[in-house]
Amino acid sequence: MKPTNKISGSQWTELTAQQLVRYEALFKLLDDIQILEDIAEISRCIATQWKYFANVTRWRMVITKNKSYQIIDGYRGEAHLSDVQSLSPWDDYHWKLNRPRLIRAEEQREGPAPPEHLIGKSITEIKILPFARLGKCIGLLSAAARHEPFSELDNKFIRLFGSHFADRISGIILQQQAIEALISKATHDELTGLLNRGTIIERLNSQLALSRRTGQPLSVILADIDFFKAINDTHGHLAGDVVLHEGALRMQAQVRGGESLGRYGGEEFLVVLYPCDEERVAIVAERFRRAMAETAFTINEVSPSDLKVTISLGTSSTEKQEGIGIQDLLKQVDNALYCSKANGRNNVTPADIPHN
Amino acid sequence: MQRYSLTEYDEASSTTQAVYDDYMRTTGATSVPIWIKSLGHSGALAGAYWERAKGTLFYGSLPLPLKEMIVFVVSAKNGAKYCSACHAHNVLNLDKTLSFGDLQLFLKDGSGFQLPTYYKSVVTFASKVVTDANSLSDEDFEELMDEGFSKEEICEIIAVIDMATMFNVYTSSLRLDLDPEYCAIL
């Protein structure tokens, strides 16, 4: 707001109520965005409150998000969020330019067109501000002025708040990524990338409970790589790791909705299938067996050599065994796997379910 | 004829005193205005009117000066002398650079002093509601949304207009006398 010429005294005393409204709105919003954790909620707050401390009702904030971008568009008092893999020509141009720009309405014909909500007859200019941390751009703000160009105070508030806004959203994204990485580390096997033993057992437990509640059967497959010790002894432990990794990838590629695959032990893999009956689990197990046996493994990238790898599998199901516990189910499937091994390996054996 | 009687703090029931206390705590004033005193004979009525004013003016997301301006504009349009004086006083108190002449000019054609651009749209909207709420069109809402107001904020604007109208009816019907400090500006 422009100061009026009616008052005298130092600048300090020239604060009018409208300026105080600006400060109050800014401080409150800074507070709110620190307290809130959800990006959508923060964006909604900003979409309504920004106009109270600067002439900003239409804006776009772009924040880096791992290999993609978080786009937040604000207009008509609402915020609209989207994730994009690549930037629009406008965002891409200014992101690469990486310096503040002010584009007046009459200049907008040059260069890439602004986002649709930043175009209109009331828009007088667009302020573009990149926010860099450690020399790297983390966010890009495009804020449109309506009716009148941005005042000096508007520009100061936009820069000040925009920087906090970019930091907060970027911080939340980084925090989410760190939490996801920690959870992934705690629940996944490092070598194969599959669920680890604890997690697949936990999955089995929860699915078993669900199966009891719904009455729909659950099935399990236990797979073990044949002659894995010989692979390690003959080709070395690195080759063993390649077989485990490649084998896991092949099995993971066979996993469909409602199926979970985890590394159960050294070279053992457990698949939990829900809902799934005896008939279907046999078909799925056969699918896994073929995925391993049909194509040889390449175990040395320098001087590639083909290695035929097979797995033996056992299956079991809760069908016709309502109320069976997790330990009994695992014991049954382990026995079935043992039978596959005893019967020459590279085959599927269903559990011998006791009949009442 | 004076159409109302005032209940002073010392004569008031404990319920009314609690309302007076809450008014003073919330606004920072050291006495209560005539409109509350005129309701002081009933703790329930005084409480109901005060809660309506407090909930609408002191909570929500609209800035207080904007709400004061809405109440002033609505009261002036409704010809409510007491409310327009009271809220003109509040608006002027909030901004020492404003004169009553500025407010009158602003009321006339939305000009006269520098305010954020959204004020004019809100005042136009409020004037239309006061004239005939049924005449509001989607375009009127669209205009406020284009100024950056969410649907929830527009509801809040309407609630402030509605509250002002309620007080206008009450104060005008009783022809409430102005509080001494408001007389000077009219």
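The values are calculated or read from the model by the stated rules, or taken from the named source; none is laboratory data. Quick caveat, the model's predicted, so the values are computed rather than measured. Glycine gets a Cβ as well: all are built from the backbone with ideal geometry, and neighbour counts include every protein chain shown.
Summary of values
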{"item": "Residues satisfying the stated conditions in segment B:116-159, i.e. in a loop (DSSP other than H, G, I, E, B), buried (at least 16 other Cβ atoms within 10 Å of the Cβ) and at pLDDT 90 or above", "result": "B:147, B:148, B:149, B:150"}
{"item": "Checklist (1) at pLDDT below 95; (2) closer than 19 Å to residue A:289 by Cβ applied to residue A:236, failing item", "result": "(2)"}
{"item": "Residue, nearest to residue B:143 (Cα to Cα), within segment A:74-90, restricted to residues that are within 14 Å of chain B (Cβ to nearest Cβ) and either polar (S, T, N, Q) or part of a strand (DSSP E or B) (or both)", "result": "A:75"}
{"item": "Verdict on residue A:165 being buried (at least 16 other Cβ atoms within 10 Å of the Cβ) and within 14 Å of chain B (Cβ to nearest Cβ)", "result": "no"}
{"item": "Subset of segment A:41-73 that is basic (Lys, Arg) and at the interface with chain B (Cβ under 10 Å from one of its Cβ atoms) - its residue that is nearest to residue A:140 (Cα to Cα)", "result": "A:58"}
{"item": "Residue that is within 21 Å of residue A:211 (Cβ to Cβ) and either in contact with a Phe, Trp or Tyr (Cβ under 6 Å, 6 or more places away or on another chain) or loosely packed, with under 14 Cβ neighbours inside 10 Å (or both), where the choices are A:334, A:352, A:306, A:277", "result": "A:352"}
{"item": "Test: residue in segment A:52-65 that is surrounded by fewer than 21 Cβ atoms within 10 Å (Cβ to Cβ) and either polar (S, T, N, Q) or within 24 Å of residue A:146 (Cβ to Cβ) (or both)", "result": "yes"}
{"item": "Any hit, segment A:21-28, residues being farther than 16 Å from residue B:117 by Cα, of a type outside the set (Gly, Ala, Ser), at the interface with another protein chain (Cβ under 9 Å from one of its Cβ atoms) and not in a loop (DSSP other than H, G, I, E, B)", "result": "yes"}
{"item": "Selection within segment A:117-156 - of a type outside the set (Ser, Thr, Tyr), more than 35 Å from the chain's Cα centre (by Cα) and assigned to a strand (DSSP E or B)", "result": "A:123, A:125, A:146"}
{"item": "Helices (runs of 4 or more DSSP H) wholly inside segment B:1-115 containing at least 1 residues that are among the small types (Gly, Ala, Ser), closer than 30 Å to residue A:32 by Cα and out of contact with any His (no Cβ under 6 Å at 6 or more places or on another chain)", "result": "B:43-57"}
{"item": "So residue A:88, is it of a type in the set (Ser, Thr, Tyr), closer than 14 Å to residue A:117 by Cα and surrounded by fewer than 21 Cβ atoms within 10 Å (Cβ to Cβ)", "result": "yes"}
{"item": "Subset of segment A:277-302 (residues that are touching a helix residue (DSSP H, G or I) at 6+ places or on another chain (Cβ under 7 Å) and at pLDDT 95 or above)", "result": "A:287, A:288, A:291, A:292"}
{"item": "Selection status of residue B:13, out of contact with any Lys or Arg (no Cβ under 6 Å at 6 or more places or on another chain), of a type in the set (Gly, Ala, Ser), closer than 24 Å to residue B:156 by Cα and more than 14 Å from every other protein chain (Cβ to nearest Cβ)", "result": "no"}
{"item": "Count - residues of segment B:40-71 that are of a type in the set (A, V, I, L, M, F, W, C), away from chain A (no Cβ under 14 Å) and either free of Cβ contacts under 8 Å to residues at least 60 places away in the same chain or farther than 13 Å from residue B:90 by Cα (or both)", "result": "6"}
{"item": "Search result, residues across segment B:72-103 that are among the β-branched types (Val, Ile, Thr) and within 9 Å of chain A (Cβ to nearest Cβ)", "result": "B:91, B:97"}
{"item": "Complete set of residues in segment A:96-109 that are at pLDDT below 75 and either within 37 Å of the chain's Cα centre (by Cα) or under 17 Å from residue A:130 (Cα atoms) (or both)", "result": "A:108"}
{"item": "Residue list for segment A:96-116, filter: surrounded by 15 or more Cβ atoms within 10 Å (Cβ to Cβ) and touching a Phe, Trp or Tyr at 6+ places or on another chain (Cβ under 9 Å)", "result": "A:114, A:115"}
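The rows are residues; the columns are (1) surrounded by 13 or more Cβ atoms within 10 Å (Cβ to Cβ); (2) more than 16 Å from residue A:217 (Cα to Cα); (3) in contact with an Asp or Glu (Cβ under 8 Å, 6 or more places away or on another chain).
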{"site": "A:294", "(1), (2), (3)": "no, yes, no"}
{"site": "A:298", "(1), (2), (3)": "no, yes, yes"}
{"site": "A:314", "(1), (2), (3)": "yes, yes, yes"}
{"site": "A:317", "(1), (2), (3)": "yes, no, yes"}
